[in-house]
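Report on the structure given below.
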Amino acid sequence: MNRRRLQLKPDQRSAKILRDRRHRALKKMEFERLRNAEMELQALVEELRNENTSLRRGNETLNDIFSNHQNTIRQLREQKEELRRKYLELQEIVKQGQSYFKFDEFPSPIEEAPNNETA
């Protein structure tokens, strides 16, 4: 089964050669366009990777700051509770002191004596 190509007439051959050249030129242009698009996308991917890394570092920094603030809030709450306990203890001491010194509200007999002598 030996097939031979049909021989083209010179004008047909010229048309085919021209058509083939145009086809190759279009394919070459398409290839270049795709290669340029690939290069642009690779550059964009690299840029996005860098941005992602930067955002990840920023996020870690913010998480550290947030953790520090949470610790500070916890410590301040503990201090507030300790101060509240001390305040209540002091209030109790003041109440006890006031009950011990109730006699200050009444005049002492010594203070009344000079008044009685002059009267």
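Does ALA43 satisfy the criteria of being over 49 Å from the mean Cα position of the chain (by Cα), part of a helix (DSSP H, G or I) and surrounded by 10 or more Cβ atoms within 10 Å (Cβ to Cβ)? For ALA43, the condition - over 49 Å from the mean Cα position of the chain (by Cα), part of a helix (DSSP H, G or I) and surrounded by 10 or more Cβ atoms within 10 Å (Cβ to Cβ) - is not met. For the structure I just gave you, tell me whether GLU51 is within 18 Å of the chain's Cα centre (by Cα) and modelled with pLDDT of 95 or more. Answer is yes for this residue.
The values are calculated or read from the model by the stated rules, or taken from the named source; none is laboratory data. Nothing here was measured: the structure is a model prediction, and the numbers come from that model. All Cβ positions, even for glycine, are placed from backbone atoms using ideal geometry, and neighbour counts span all protein chains on display.
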